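Okay, so here's the structure we're looking at.
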Amino acid sequence: MQLLLPLLVGKLFAIIIGIYYFRYLPRPYKWVLLTVALSAFADGYGRYIALQLHQHNSWMFNIYMIIDFGLNSIIAILLTKGSSAKRIFAALIVVYCIGWATEIMIDSIYILANFAIVLGSILLTVMYFFVLINNSIFSNKDILKQPVFWLSASTILFCAPGIPYWGLHNYLNNNALKLAAQLSYINVVLDALRHPLAAISFILLGRQKTAVLNTA
């Protein structure tokens with residue numbers, strides 16, 4: 001429960017900011033707000049299943065992860081310039097779905113699909129690194145004032161460092177439970193930072209829009 005609090009606080013902050021600036025958000029960022037809400041629901045309900053109902057919650061996180069990957073991939077496609085890149089990203093979604101379904105069929109829905117988490121983290125890191133280069137890094141604008149920079153950075157900083165942890169997750173849980181618990185704090189910190197960073201993009205978009213309206 002102590003780990004849940006910082007997660008939900010960060011997500012709730014992003015949801016409040018997103019709702020406040022909702023009318024100013026372009027379509028991709030409205031989808032981002034949806035991913036934050038789904039993440040908050042998954043974390044809260046998943047821990048309710050485990051702590052209150054005393055049941056395994058891996059099935060719920062397995063379902064959540066494919067929905068989350070799909071939504072974040074669609075957002076990357078919407079933010080990407082160029083039809084070739086969009087087609088490649090769409091192909092990566094298919095690759096992920098095949099990988100997820102294969103692992104679920106082999107291991108069952110009740111075992112956390114850590115291979116699918118690793119695959120999704122790698123693919124999202126690649127996608128959002130491309131989005132970052134495509135939209136932000138070589139722009140003439142101040143990079144810290146670009147909403148797409150904060151959104152891309154939030155996804156990359158969450159996904160990339162977690163790849164080794166999730167790759168070893170099931171092994172550590174079976175053979176080094178204490179080490180697994182210690183390493184899980186890193187994932188919690190990354191998750192707690194992810195959505196507040198995305199919220200900065202909401203703030204920038206809202207302020208940019210209101211500044212335009214005020215000068216009109």
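The values are calculated or read from the model by the stated rules, or taken from the named source; none is laboratory data. Just so it is clear, the structure is predicted and the values come from calculations on it, not from any experiment. Note that we place each Cβ from the backbone using ideal geometry, even for glycine, and neighbour counts take in every protein chain shown.
A few comments on the model shown:
- Annotation for the stretch 100-116: at least one member residue is touching a Phe, Trp or Tyr at 6+ places or on another chain (Cβ under 6 Å), part of a helix (DSSP H, G or I) and hydrophobic (A, V, I, L, M, F, W, C).
- Residue count for the stretch 139-162, restricted to those that are surrounded by 16 or more Cβ atoms within 10 Å (Cβ to Cβ) and in a helix (DSSP H, G or I): 15
- Scanning the stretch 22-33 for residues being in a helix (DSSP H, G or I) and surrounded by 14 or more Cβ atoms within 10 Å (Cβ to Cβ) gives a total of 7.
- So S108, is it at pLDDT 90 or above and under 30 Å from L204 (Cα atoms): no
- Residues of the stretch 34-54 that are more than 21 Å from the chain's Cα centre (by Cα) and crowded, with 16+ Cβ neighbours inside 10 Å: I49 alone.
- Looking only at residues of the stretch 68-108 that are in contact (Cβ under 8 Å) with a residue 24 or more places away in the chain and surrounded by fewer than 13 Cβ atoms within 10 Å (Cβ to Cβ), we find that the one that is farthest from S152 (Cα to Cα) is V95.
- Residue check, S39 within 30 Å of V148 (Cβ to Cβ) and in contact with a Lys or Arg (Cβ under 7 Å, 6 or more places away or on another chain): yes
- Residue within the stretch 171-187 that is within 13 Å of the chain's Cα centre (by Cα), at pLDDT 75 or above, part of a helix (DSSP H, G or I) and closer than 18 Å to L8 by Cα present: yes
- Lone qualifier among I63, I67, I16 - being over 23 Å from F115 (Cα atoms) and not acidic (D, E): I16
- Restricting L25, L79, L51 to those that are out of contact with any Cys (no Cβ under 7 Å at 6 or more places or on another chain) and under 19 Å from L124 (Cα atoms) reduces the list to L79.
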